[in-house]
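Report on the structure given below.
The values are calculated or read from the model by the stated rules, or taken from the named source; none is laboratory data. Treat the numbers as computed from the prediction; the structure is a model and nothing was measured. We place every Cβ from the backbone using ideal geometry, glycine too, and count neighbours over all the protein chains shown. Just the protein is used for accessible areas: all its heavy atoms, side chains included, with ligands, DNA and RNA removed. Shrake-Rupley method; radii C 1.70, N 1.55, O 1.52, S 1.80 Å.
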Amino acid sequence: MSGKDTFFSESNCDRCRSKLVARITSWFTTETICLDCSAKEDKIKAMLREQGKNPSDFEGCGYVPKEV
């Protein structure tokens, strides 16, 4: 990785590879993701809360927790 910020130059989601119309940075990693992948992350964060875990403890952890 060159260290160069590519957020605005990415044309595809780093996770699902779909064309980016809108983009956001993943809650868990440094990936540039689409809004569909972001919605999946929201569901994972909700599941973490249901399991009594604080999603903030996972922010920037470098991996996406498995959906349970």
Relative to the longest principal Cα axis of the chain, at what angle does helix 35-50 sit, 0 to 90 degrees, rounded to 10? 20 degrees
Heavy-atom accessible area per residue - the chain, 1.4 Å, Å²: 72 Å²
Cβ-based net charge around THR6, under 14 Å, with every Lys or Arg adding one and every Asp or Glu removing one: -2
Once neighbouring chains are kept in place and the probe is 1.4 Å, which whole percent of the accessible area of the chain is contributed by carbon and sulfur? 51 percent
Please state, rounded to one decimal and in Å, the Kirkwood hydrodynamic radius that the chain gives when every pair of distinct Cα atoms enters the mean of 1/r. 12.6 Å
Over 26 Å between Cα atoms, which of LYS4/LYS43; LYS19/LYS43; LYS4/LYS53 qualify? LYS4/LYS43; LYS4/LYS53
